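S.K.: The structure's right below; bear with me while I get my questions together.
The values are calculated or read from the model by the stated rules, or taken from the named source; none is laboratory data. If you're wondering where the values come from, they're calculated on a predicted model, not measured in any experiment. Using ideal geometry, Cβ is built from the backbone for each residue, glycine included, and neighbour counts are taken over all protein chains shown. Please note that ligands, DNA and RNA were not included when accessible areas were found on the heavy atoms of the full protein model with its side chains. Shrake-Rupley method; radii C 1.70, N 1.55, O 1.52, S 1.80 Å.
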Amino acid sequence: MKVTPFLNKNSKMAKAYGKWFMRAKPYGALDMEDLSNHIAMDSKVERTMVSQITKAVVKQMKELLMNGHPIRIPHLGLLKVQVSTEGAETKEAFNAGKHVKNAHLILVPTTEIKEEMRKMKFEKDYDPTKPYDVVTDDDDDGGETPTNNGDGGETPSGESGGFDLGN
């Protein structure tokens, strides 16, 4: 996997401010048709059938997740919804409509995936003629940004892989 450098200019992260980090370089997102083609190549099922099944799986997963059901996907991980909230003074004062701010889709990887990821090889992909990425105070693109990892140092996050569900 290739990684590319980015400069942290987010002053809210004092220990990471002004430091360089790396983030995974995406090769381009695959859509459901691409995924269906890959599955069809690995199986004896026609692509049109695979496409219909993947659409049904996504529809059902979305409905189940939105109703609070975590979904365990073998060899990949546990997919679940996590919420961000503001605090209330007391348990009785907590109001879900007022204090829940948004929801994120989280994938908690299996031990198998974690072990495979530890073995990944990374290669720096950097073109000095192109501008580099900069993370600022205003950035909130859902990507990896420096965060405290609990050991006193600040490193790029990526452990929870959150996606905003638009709430």
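S.K.: Can you list residues from other chains, or at least 5 along the same chain, whose modelled amide H is less than 5 Å from the amide H of residue 9?
M.R.: Amide H to amide H, under 5 Å and 5 or more residues apart or across chains, residue 9 pairs with 18, 135, 136.
S.K.: Right, here's the next one. Could you go through the stretch 10-20 in sequence order and give the Karplus-derived ³J(HN,Hα) for each residue, using 6.51 cos²θ - 1.76 cosθ + 1.60 with θ = phi - 60°, rounded to whole Hz, and x for Gly and Pro?
M.R.: Calculated HN-Hα couplings, in order: 8, 5, 6, 10, 3, 5, 9, 4, x, 9, 9 Hz.
S.K.: Loop-only trypsin sites (Lys or Arg not before Pro) in the stretch 1-84, please: DSSP not H, G, I, E or B, and at most 15 other Cβ atoms within 10 Å.
M.R.: Values: sites: 2, 9, 12, 15, 19, 23, 44, 47, 55, 59, 62, 72, 80; in loops: 12, 15, 19, 44.
Those satisfying the criteria are 12, 15, 19, 44.
S.K.: Sticking with this one: Go through the stretch 35-112 and name the GluC sites (Glu not before Pro) that are in a DSSP coil and have 16 or fewer other Cβ atoms within 10 Å of their Cβ. Could the numbers behind the result be given before it?
M.R.: Working: sites: 46, 63, 86, 89, 92, 112; in loops: 46, 86, 89, 92.
Answer in residue order: 46, 86, 89, 92.
S.K.: To the nearest 0.05, how large is the calculated FRET efficiency for residue 110 and residue 41 if R₀ is 35 Å and r is the Cβ-Cβ distance? Walk me through the numbers before you get to the answer.
M.R.: On the way: r = 24 Å, r/R0 = 0.69.
Efficiency for this residue pair is about 0.90.
S.K.: Using a Förster radius of 22 Å, what is the FRET efficiency between residue 49 and residue 1 based on their Cβ-Cβ separation? Nearest 0.05, please. Write down the numbers at each step before the final one.
M.R.: Numbers: r = 32 Å, r/R0 = 1.44.
It comes out at approximately 0.10.
S.K.: Given a 1.4 Å probe and the protein chains all in place, what does the accessible area of residue 117 round to, in Å² to the nearest 10?
M.R.: Result for residue 117: roughly 100 Å² accessible.
S.K.: If you don't mind, there's one more thing I want to ask. State whether the stretch 1-97 is rounded, prolate or oblate according to the following rule on the C-alpha gyration tensor (a ≥ b ≥ c being the square roots of its eigenvalues): a/c under 1.5 gives rounded; otherwise a/b larger than b/c gives prolate, and the remaining case gives oblate.
M.R.: oblate
S.K.: Enter the accessible area of residue 104 (Å², nearest 10), with the probe set to 1.4 Å and all protein chains included.
M.R.: Per-residue accessible area (residue 104): approximately 50 Å².
S.K.: If you don't mind, there's one more thing I want to ask. What distance in nm separates the two pseudo spin-label positions at residue 82 and residue 118, each 7 Å out from Cα along the beta-carbon direction?
M.R.: 2.1
S.K.: If ligands, DNA and RNA are left out, what is the accessible area of residue 43 with a 1.4 Å probe, given in Å² to the nearest 10?
M.R.: 50
S.K.: Quick one: Karplus J couplings for the stretch 55-64, per residue in order, coefficients 6.51, -1.76, 1.60, θ = phi - 60°, nearest Hz, x for Gly and Pro?
M.R.: 4, 5, 4, 4, 4, 5, 4, 4, 4, 5
S.K.: Go through 6, 122, 94 and list them by solvent-accessible area, largest first, probe radius 1.4 Å. Write out the running numbers ahead of the final one.
M.R.: Working: 6 0, 122 120, 94 85 Å².
The most accessible residue leads, giving 122, 94, 6.
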